[in-house]
Amino acid sequence: MKSATAKIGLVVWLTLVISAGILFPMVAAPQKWYELPIIPGLEEKARIIFFHVPMAWTTVVAFIASTIYGIRFLMTKNLDYDLRSVSAAGLGTMFCILATVTGSIWAKFNWGSFWNWDPRETSIFVLLLIYGAYFALRSAVDVEEKRATLSAVYSIIAGVTVPFFIFVMPRIMTGLHPGSKGDPQGAGPVVQFKMAPNMLLVFLSSLLGFTLLYFWMFNLKVRASRLEFHSQQPQE
Amino acid sequence: MLDFLAEHQLYIVMIIVLMIWAGFLVYLFRLDGRISKLEQSVKK
Amino acid sequence: MKDFSAPAIHIFFKDSHSELRTRYAMNALLMFVVTALALVLFSVGNEVVGTDVLSGILWVIIFFSGMSGLSRTFVSEEERGTVVTLQLLSRPTSVLLGKLLFNFVLILSLNVLIAVLYLLMVSRFVILTPSIFWVTIFLGSCSLASSSTIIAAIIAKANTKGTLYPVLSFPIMLPLLLTVMNATRLSTEGAAFSEAFGEFQILVSYTVVVITVSILLFSFVWKD
């Protein structure tokens, strides 16, 4: 994300993706390349996949990034990695809130209530709790080195326990999300989710665009906190 | 309000996109505030 | 392995001795369990409550009583100022294993006590497959001890120790809590032992993963 062309390219890319996500008409029998199929029970609401899913995806990317920077901090004891870890976690919290709020508005119209404790809703809720705990822990430690170490350790422990939800959840309840096992349309597990090729293309472009946007935001945040960090150092 | 939205589903998508946009704006403003603070501390 | 196990057992006995002398954690835990059980009994009253809700409540009581006592292991070292001595005398891994063993014994006896009291006092809570129930209690204690020990080590270094403990533990323990609740529900429904096998697998792998990561990370937390 160094050159201006890359940034402008990303902005143009995302603009096109967002426009496509909203403008492409939904018809019963798609003929032209831009016509999306109507999914029964979802109709126009299906367009949320272009906006809500990238938020949830970016939350996971941020979570993994934060854990990896935590590991690197523990290995090198370089506070710069801690700075990156916090920045990733802070942005992850923002995307997590966005994913939760947008999903819950959509759920109101699709499933009838704002919150249903569907497996994925539960998982994103746990991620939100982990981010909350992470920042609560950070605010409770004064010494920089210690704060960085403890929060890195916590994020690694959280990182190894969260994947257990993948095994635990299907035993407890069936999913409501389109494409999950309990979906009445019988689409099967998410990997087999049948999506029209053009819809899939817009979806993947959106995932890519928002992920790159995340890295741009992350880069800005790290640079700002690095400046803050160095401007505070000499006075102490 | 809810009935209207249930009938015009594209508006739901619209609300969702606006929320994401709002989230990004909040981020921008906070970054802006941080950088202004930095500028002041550099001037001192 | 022998280098670690002998000092670990020493630390376990040291903690047990000091615990038996003051009975700080034991008394607090016991009172907490009795209070929580009484509250549940009052609020349930004569209501007809399903067994799945009751098996959930059992683990809610276990979680919160664990939260009130398990952090003591490390916090008490910090408060008494004995951390430095322990750091000098033994290796981090033996400290962790000793504390882990102590927490495990503490929570296992606590859980058995809670389970027995709960079975006696909540008449509607009938276990049809005792083997599933007791194996769940045992494995649940293993996994609760594993995650609570490393989190106790983290919060012992933080400023607000008491309030932070449940906040940090809950998201880590949620997959395990959901699993044990599900296994307990199975035992009240009279499921065959093999049906709960998947739950046990999750609990065992959770314990193994958390203990492995704890051993790898503990020295970072322990050394100042």
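Rule-based calculations on the coordinates, nothing more; no lab input. Everything numeric in this text was worked out from a predicted model, so none of it was measured. No Cβ is skipped: glycine too gets one built from the backbone with ideal geometry, and neighbour counts run over all protein chains shown.
Restricting attention to region A:17-59, report how many residues are free of Cβ contacts under 8 Å to residues at least 12 places away in the same chain and of a type outside the set (D, E, K, R).
Residues that pass the stated criteria total 7.
Within region A:21-34, which residues are buried (at least 16 other Cβ atoms within 10 Å of the Cβ) and over 21 Å from the mean Cα position of the chain (by Cα)?
Those that are buried (at least 16 other Cβ atoms within 10 Å of the Cβ) and over 21 Å from the mean Cα position of the chain (by Cα): A:Phe24, A:Met26, A:Pro30.
Within region A:138-174, count every residue that is under 22 Å from C:Val209 (Cα atoms) and either at the interface with chain C (Cβ under 7 Å from one of its Cβ atoms) or of a type outside the set (Ser, Thr, Tyr) (or both).
Summing the residues that are under 22 Å from C:Val209 (Cα atoms) and either at the interface with chain C (Cβ under 7 Å from one of its Cβ atoms) or of a type outside the set (Ser, Thr, Tyr) (or both) in region A:138-174 gives 22.
Every residue in region C:200-224 that is more than 7 Å from every other protein chain (Cβ to nearest Cβ) and of a type outside the set (A, V, I, L, M, F, W, C), please.
Answer for region C:200-224, where residues must be more than 7 Å from every other protein chain (Cβ to nearest Cβ) and of a type outside the set (A, V, I, L, M, F, W, C): C:Gln201, C:Ser205, C:Thr207, C:Thr212, C:Ser214, C:Ser219, C:Lys223, C:Asp224.
Checking A:Phe135 against (1) over 20 Å from the mean Cα position of the chain (by Cα); (2) within 14 Å of A:Ser85 (Cα to Cα); (3) more than 8 Å from every other protein chain (Cβ to nearest Cβ), which test does it fail?
Looking at each condition in turn, A:Phe135 falls short on (1).
Can you tell me which residue is surrounded by the fewest Cβ atoms within 10 Å (Cβ to Cβ) among those in region C:154-179 that are facing another protein chain (nearest Cβ under 7 Å) and of a type in the set (Ser, Thr, Tyr)?
Result: C:Thr160.
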